[in-house]
Amino acid sequence: MAIDNDVLSEIVSRELHSAETWMNSELSSQQANSLKYYFAEPFGNEKKGRSQIVTRDVLETVEGIMPELMKIFASSDSVVEFEPVGAEDEEAAEQATDYVNHVFMKRLDGFKLMYNWFKDSLLMKYSVIKVGWNTEDRVEFHSFDNISKEELKIFEDQADEEEYVVTDKTKNKDGTFRVRIRRTKKEGEPFIDIIPSEEFRIKERSKDIQTATFVGHVCEKTVGELLEAGVDPDMLPLGGTRSSTLSDNEVTDARFSSPEEGTGLNVLDGGAEEDRLVQVADVYLRTYDQDEKRVVIMHVIQVEGEVILAEEVDHIPLISISPIMIPHKFVGVAAADLVTDIQEIRSTLIRQILDNLALQNAGRYSVVEGQVNIQDLLDNKIGGIVRTKSQGAVAALATPQISAATFPFLDGLDLQKENRTGVSRMTQGLDPNALTSNTAATAVNQVMTAAQGKILLIARVFAETGMKPLMWELYRQIRTHQTEADVVKLRGRYVKVAPFDWIDRNDITVTVGIGNGNKDQQLYHLNNLSQMMQQIGATPYSYLITPGNVHALATEFIKNAGFKNPDRFISNPELVEAPEDTPAPEEIIAQATAAKAQADAENDKAKNELAALKQQLDRDKFEWSKKVEAAELAVEAEQGRAVGIGDK
């Protein structure tokens, strides 16, 4: 890279001045005005002795949108889902999804990040976050007692190899030693910072961050913070006294308008050099590299006009959202912009109504000079006497009652505000007319759905333009910089995650709960799905319903009930070994009947065989007796005497 630091410093300084001039003009005034309206600060046209009330339409609008947004995005621990690039990648994609969501929601406090990011956008037209990787030294101390002289020598010899320092060694009375060592480990973790609008810089007329020719973050840090981050002390500017230019800003003054929060001016005079504030510009610019013959993205860090880092990068890790986007323009429209004029009109009307009521209760009078005791009239005591010298010397000046004509106009302003923002009394459950028996439930649901459509559109914009690139960038940072495996509890079990083995992904799906209605509607649809699966299970196509399908349906039922960890109630079929098939009761009865019939048949066969054998024995015995009788007759005839043959 042949781009000289002096050239980069000149480009950065010029672009910073141009961007600061643009962003600190009308845009800065509009953002400061939104904050003033949000805090219901006076308009500046108030008169002493008159009502000075300021309505809170901007606050009511922003705070009316925020609950819906947070319910959509934070009702589940899973914000996005990474899609597998093939069948063999399904398990890895599932693990990446679980781990990235775990890091975002648990370690980076995702709820707070989303809350501040979304609200900042609703107020300031846009909001920008910066995603990166922090590497810092973590110091640990360990103490060991009763160490022998030989073991102490081993401690000292291995100090360099094991990267620790023996900070203290004390000899005990028995000749052993007490040793204390300090170990310094480098640990890294991703970070997500929301950039205040007064610290963000982008070239005017840019369409978006990724195509802008110049974009950056200008903030103040102490010299000590830069030294801790590893900046060479020789590259830092010499000491001096100066006042902060960032704190003296219209938006900053509006943000910290309370007198208790100070003036915002940081003037550091004296003290340690490491505590001195310096202005740091962390910027990205597109410039032409003459050696490479192409336009490159340069990441430049400039401290007080001096470049301390310049490197080429392939993308800009800054992400912005706007609730109402304008095509071909970076700065969108804030939700606050929709009601600032209504807040001013409503405040003026209500002031006039209160002044009118005050005049009716304590109006003005006409008196005949010299005929009235003026002090009696000025005292205005309840039941007091006003002394006059002639009848009709005091007459009340007529004060017209304007409330009857003003209240319908205020209702019209409320309706206009609801049409603009989608925040209505009905959607917030504050409209008593929606609860009467004369209002059909379907009509109420239609009105609420139509009103919520504007809020759901903002949620979809935030999901696609904000959460999706944010989680992709977080995936990229973890995959690129995390060099050690991590053991975390995902889906109810501890797993070892090795992000350095992940593949490069481009497909990501936002899984926030948008477009599925409220929980009652979701429960209705889930019940229909359950009935459909039962009906399919009773058909020849029951093989289409797998254990995974049943588990997914049960999981959605549990989530709908408000429980974030369904694995506590039902196990994943992939992690549980299915038992042997148990026959149905009808099958058991049929099997028993068949076994009994078979046993009866075998018994009858045995009886028949026994009867046949008995008949055979009887025949053999009869034949034998006939032969014996014949033999006896033959012997008797031969010997002339009686003869008995056989068993006796």
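Numbers at a glance
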item	result
Filtered residue count, the stretch 113-138, keeping only those that are open to solvent by 10 Å² or more (accessible area, probe 1.4 Å) and touching a Leu at 6+ places or on another chain (Cβ under 7 Å)	2
Cross-chain or 6+ apart pairs with Cβ under 6 Å, the stretch 276-303 first and under 14 Å from VAL215 (Cβ atoms), then surrounded by fewer than 19 Cβ atoms within 10 Å (Cβ to Cβ) and basic (Lys, Arg)	ILE297/ARG286
In the stretch 320-335, the residues that are assigned to a strand (DSSP E or B) and crowded, with 23+ Cβ neighbours inside 10 Å	SER320, ILE321
Checking GLU274 against (1) out of contact with any strand residue (DSSP E or B) (no Cβ under 8 Å at 6 or more places or on another chain); (2) in a helix (DSSP H, G or I); (3) among the charged types (D, E, K, R), the condition it does not meet	(1)
Test: residue in the stretch 414-430 that is exposed (fewer than 15 other Cβ atoms within 10 Å of the Cβ), part of a loop (DSSP other than H, G, I, E, B), more than 55 Å from the chain's Cα centre (by Cα) and of a type in the set (A, V, I, L, M, F, W, C)	no
Residues of the stretch 277-294 satisfying the condition of being in a loop (DSSP other than H, G, I, E, B) and either loosely packed, with under 10 Cβ neighbours inside 10 Å or at pLDDT 85 or above (or both)	GLN290, ASP291, LYS293
Unique match (being in a loop (DSSP other than H, G, I, E, B), closer than 17 Å to ASN24 by Cβ, modelled with pLDDT under 80 and open to solvent by 50 Å² or more (accessible area, probe 1.4 Å)) among THR245, THR241, THR263	THR245
Selection count, the stretch 553-570, where residues are open to solvent by 50 Å² or more (accessible area, probe 1.4 Å), small (Gly, Ala, Ser) and part of a helix (DSSP H, G or I)	0
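The values are calculated or read from the model by the stated rules, or taken from the named source; none is laboratory data. Everything numeric here is computed off the predicted structure, so don't read it as measured data. Here the Cβ is made from the backbone with ideal geometry for all residues, glycine too, and neighbour counts use every protein chain on show. With ligands, DNA and RNA removed, areas are computed over all heavy atoms of the protein, side chains included. Shrake-Rupley method; radii C 1.70, N 1.55, O 1.52, S 1.80 Å.
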